[in-house]
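The values are calculated or read from the model by the stated rules, or taken from the named source; none is laboratory data. A quick note: this is a predicted structure, and the numbers were derived from the prediction, not measured. Ideal geometry is used to build each Cβ from the backbone, glycine not excepted, and the neighbour counts take in all protein chains shown.
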């Protein structure tokens with residue numbers, strides 16, 4: 001079986017994304033953000049995100065799987081602490097978690113070499 005043309009795949013992906021964005025824009029004014037259905041989707045999206053983050057931390061794949069689990073958990077804890085301290089500031093929490101993980105990884109590499 002021949003491989004599809006990468007440009008065709010790219011154009012189809014753009015078209016698929018555009019269709020859903022256009023549909024979202026068309027119905028956005030009709031959605032009640034305080035409604036039960038909207039709240040349900042909001043909870044569902046947070047649950048899916050929490051599940052994905054948990055999977056990355058506890059069951060990583062690729063290069064991340066080679067890092068100690070304790071490093072990932074400490075970095076997540078530091079990010080969560082900053083998130084709580086800075087009144088739910090996601091960017092500060094993400095940067096902190098990344099910096100802590102990077103520092104722990106650098107420390108381990110330094111100790112090995």
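Of all residues in the range 92-113, those satisfying the criterion of being loosely packed, with under 13 Cβ neighbours inside 10 Å and either at pLDDT below 95 or outside any helix (DSSP H, G or I) (or both) are 106, 107, 109, 110, 111, 112, 113.
Answer yes or no as to whether residue 84 is surrounded by 13 or more Cβ atoms within 10 Å (Cβ to Cβ), more than 15 Å from the chain's Cα centre (by Cα) and modelled with pLDDT of 95 or more. It is false that residue 84 is surrounded by 13 or more Cβ atoms within 10 Å (Cβ to Cβ), more than 15 Å from the chain's Cα centre (by Cα) and modelled with pLDDT of 95 or more.
Name the single residue that is nearest to the chain's Cα centre (by Cα) among those in the range 98-113 being under 14 Å from residue 70 (Cβ atoms) and in contact (Cβ under 8 Å) with a residue 12 or more places away in the chain. Going through the qualifying residues, I end up with 101. Residues that are surrounded by 11 or more Cβ atoms within 10 Å (Cβ to Cβ), within 14 Å of the chain's Cα centre (by Cα) and not in a helix (DSSP H, G or I) do occur in the range 48-60, at least one of them. Residue under question is residue 57, and the condition is that it be at pLDDT below 95, under 29 Å from residue 107 (Cβ atoms) and in contact with a helix residue (DSSP H, G or I) (Cβ under 9 Å, 6 or more places away or on another chain); does it hold? So residue 57 passes the test.
Go through 15, 81 for me and flag whichever is without any contact (Cβ under 8 Å) to a residue 24 or more places away in the chain, under 30 Å from residue 112 (Cβ atoms) and in a helix (DSSP H, G or I). When all the criteria are applied, what remains is 81. Return yes when residue 72 is in a helix (DSSP H, G or I) and surrounded by 12 or more Cβ atoms within 10 Å (Cβ to Cβ) and no when it is not. For residue 72, the condition - in a helix (DSSP H, G or I) and surrounded by 12 or more Cβ atoms within 10 Å (Cβ to Cβ) - is met. Surrounded by 10 or more Cβ atoms within 10 Å (Cβ to Cβ), under 30 Å from residue 102 (Cβ atoms) and either out of contact with any strand residue (DSSP E or B) (no Cβ under 7 Å at 6 or more places or on another chain) or in contact (Cβ under 8 Å) with a residue 40 or more places away in the chain (or both), is that true of residue 31? When the stated conditions are applied, residue 31 does not pass them.
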